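Peer 1: The structure's right below; bear with me while I get my questions together.
Just so it is clear, none of the values below were taken in a lab; they were calculated from the coordinates. Just so it is clear, the model here is predicted, and its values are computed rather than measured. With ideal geometry, Cβ positions are generated from the backbone for all residues, glycine too; neighbour counts draw on all protein chains shown.
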Amino acid sequence: MSDTTGAGDADAELIAALRDAEAVLFGEFELSHGGTSDYYVDKYRFETDPTCLRLIADAYAERVGDAKLAGVALGAVPLVAATSVQTDSPYVIVRKAAKEYGTGNRIEGELDEGEEVVVLEDIATTGQSALDAVEALREAGATVEKVLVVVDREEGAEELLADHDIELESLLTATRLLEDR
């Protein structure tokens, strides 16, 4: 796994912001993949907090290079929009399924054949939603080799994505986020 920020000031600042936004909760929680956990990272709390959103967009901007951005609907849309503004890079939104009205698109926004795309995601647990987005983008002709997440829960996402030639890069790991709590 590629937790490139290490234990430096950027980590500490982001962890403090997530905690201040009350985005790290403790108790018993059911996760979207059906498992349970004694902690929960509430993406809606950190994605609606301007301090968290700015820190995340700044960190993502340092990592995306010249690639087009893609956000997984709905959770990563604020992250990809903020990062797009920060980098002045266009983005697309990948839906879980094609909508059944309007244009019927699964990928919203302009995407050219062969375009390099980095997928932005909020939380990685199993990695399945990120993989589904990457596969949709690849089917549409994009080149996708990296997924960036705010928090990797370290529950198999890195391995699943690696099996499909995708690098998972996280701003924080669950281990780092939960230490000294």
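Peer 1: Among 83-89, 169-175, how do they line up by average Cβ neighbours within 10 Å per residue, starting with the highest? Display every interim value, and only then the final one.
Peer 2: On the way: 83-89: 16.9, 169-175: 20.3.
Most protected by this proxy first, the peptides run 169-175, 83-89.
Peer 1: Treat every Asp and Glu Cβ in segment 59-181 as -1 and every Lys and Arg Cβ as +1, leave all other atoms uncharged, and give the resulting dipole magnitude about the Cα centre to the nearest 20 debye.
Peer 2: Details: 11 positive and 27 negative charges, 104 e Å.
That gives a dipole near 500 debye.
Peer 1: Next up: Among 42-50, 56-64, 110-118, 144-152, how do they line up by average Cβ neighbours within 10 Å per residue, starting with the highest?
Peer 2: Working: 42-50: 17.4, 56-64: 19.7, 110-118: 15.3, 144-152: 24.4.
Top to bottom by mean Cβ count within 10 Å: 144-152, 56-64, 42-50, 110-118.
Peer 1: Further, regarding this structure: In terms of Cα to Cα distance under 22 Å, which lysines are near enough to residue 68, apart from those fewer than 8 places away along the same chain?
Peer 2: Residue 68 reaches 96, 146.
Peer 1: How far is helix 128-139 tilted off the main Cα axis of the chain, in degrees rounded to 10, range 0 to 90?
Peer 2: 20 degrees
Peer 1: Taking Cα pairs under 8 Å and at least six residues apart, what relative contact order does the chain come out at, in percent? Write down the numbers at each step before the final one.
Peer 2: Working: 331 pairs, mean separation 34.9, N = 181.
Across the chain, relative contact order equals 19 percent.
Peer 1: Looking at 103, 67, 21, which one has the Cα that reaches farthest to the positive end of the dipole of the chain (charges on Cβ: Lys, Arg +1; Asp, Glu -1)?
Peer 2: Value computed over the given set: 103.
Peer 1: What is the sum of charges around residue 105, taking Lys and Arg as +1, Asp and Glu as -1, for the other residues whose C-beta is under 9 Å from the C-beta of residue 105? Display every interim value, and only then the final one.
Peer 2: Values: positive: 95, 99, 106; negative: 108.
With Lys, Arg at +1 and Asp, Glu at -1, the neighbours total +2.
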